[in-house]
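Notes to accompany the following structure.
The values are calculated or read from the model by the stated rules, or taken from the named source; none is laboratory data. Computed from a predicted model, the values in this text were never measured in an experiment. With ideal geometry, Cβ positions are generated from the backbone for all residues, glycine too; neighbour counts draw on all protein chains shown. Keep in mind that these areas ignore ligands, DNA and RNA; they rest on the heavy atoms of the full protein, side chains included. Shrake-Rupley method; radii C 1.70, N 1.55, O 1.52, S 1.80 Å.
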Amino acid sequence: MDLFLDILSLTFILLGALLAVSTALGVARFRDTVSRMHASSKPQTMGLALTLIGVILHIIVHGDLSIQVRGDLGMLVLIMLFALMTAPVIGNRISHVAKREGLIDREALSRDDEATTIKH
């Protein structure tokens, strides 16, 4: 059973790392603010959550669950909750600033709800 849980925790950690790398590539390669914002919020948050789940699972399997270890687990859970609560808010604020500053490439959008002319 420990081998299965080790493989599962390693899988979570590797998937989280893969999502973090895809976030870095997306931020470096995408050209406009909206695309970069999407790349920096969605996979980054999921990558962090998967990595922390893998670490928590590994600690539960191999730790002695003393008071210090339980405190560390609590901190990891709080980090994950903080990231899940703040990432959407930060993405929303960045999009509002990008819209106000005119940093959105409207030609690259597949749908523009604020367009003044209707394209056919």
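Relative to the present Cα-Cα distance, how much length would full extension add between MET1 and HIS62 at 0.36 nm per residue of separation?
Additional length available on full extension: 20.8 nm.
Which one, THR51, MET1, VAL61, is farthest towards the positive end of the dipole of the chain when Lys and Arg carry +1 and Asp and Glu -1 on their Cβ?
THR51
Where the only charges are on Cβ atoms (+1 Lys, Arg; -1 Asp, Glu), what is the dipole of the chain about its Cα centre, to the nearest 20 debye?
Charge dipole, the chain, about its Cα centre: 440 debye, nearest 20.
Can you give me the relative contact order of the chain as a percent, contacts being Cα pairs under 8 Å and 6 or more apart?
RCO, the chain: 30 percent.
Under a 1.4 Å probe, what is the accessible area of the chain per residue, stated in Å²?
I get 73 Å² per residue for the chain.
Treating the angle as unsigned and between 0 and 90°, give the value, to the nearest 10°, between the Cα long axis of helix 67-101 and the longest Cα principal axis of the chain.
The two axes meet at around 0 degrees.
DSSP loop chymotrypsin sites (Phe, Trp or Tyr not before Pro) in the range 3-39 with at most 11 other Cβ atoms within 10 Å of their Cβ, which ones?
Qualifying residues, ordered by number: none.
What FRET efficiency would be calculated for the residue pair LEU8, GLU101, taking the C-beta separation as r and a Förster radius of 30 Å, to the nearest 0.05?
Here the calculated transfer efficiency is 0.10.
Taking the structure as given and computing volume of the Cα convex hull per residue in Å³, which label from (i) 124; (ii) 106; (iii) 98 fits?
This structure yields the entry labelled (i).
Can you tell me the 0 to 90 degree angle between the C-alpha axis of helix 33-62 and the longest principal axis of the chain, rounded to 10?
Around 10 degrees separate the two axes.
Which longest uninterrupted range of the chain lacks any trypsin sites (Lys or Arg not before Pro) assigned by DSSP to a loop state (not H, G, I, E or B) and surrounded by at most 12 other Cβ atoms within 10 Å?
So the longest stretch without any such site is 32-110.
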